[in-house]
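Some notes on the structure that comes next.
What follows is calculated from the coordinates using simple rules that are stated; it is not laboratory data. Nothing here was measured: the structure is a model prediction, and the numbers come from that model. In this analysis, Cβ positions are derived from the backbone assuming ideal geometry, glycine residues included, and neighbour counts consider all displayed protein chains.
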Amino acid sequence: MFDNLYVLAAIAVGLFTIIIALIVMMKFKSPPPGKPRRFCPLCNSSLADHETLKGLIVDNKPPQKILIRGCSRCAPSVEEGTW
């Protein structure tokens with residue numbers, strides 16, 4: 001009788017451990033291997049798929065120079081120039 005109880009308890013603990021491990025893996029999953037995370041170089045916040053960086057073109061002659069002003073969270077809202 002006790003042998004079956006120990007086996008059932010061991011199986012239950014094993015299943016519980018597997019379920020907890022799957023929950024943790026889903027919560028802290030890494031991005032897909034083909035798609036690296038993108039960050040704002042100024043505030044280091046993670047950029048969403050549809051989000052872009054804002055910048056000013058400061059030189060029209062090749063090679064063009066672009067001054068990065070930040071993402072939608074950290075860039076100044078009002079600025080003159082080409083965005």
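Here are the numbers for the structure shown:
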item: Packing-based ranking, highest mean first, of 64-76, 5-17, 48-60 given that Cβ atoms within 10 Å are counted; result: 64-76, 48-60, 5-17
item: Contour excess over end-to-end distance, with Cα ends at F28 and S46 and 0.36 nm allotted per residue; result: 4.9 nm
item: Extension reserve of the A9-A21 stretch, reckoned as 0.36 nm per residue once the Cα distance is removed; result: 2.5 nm
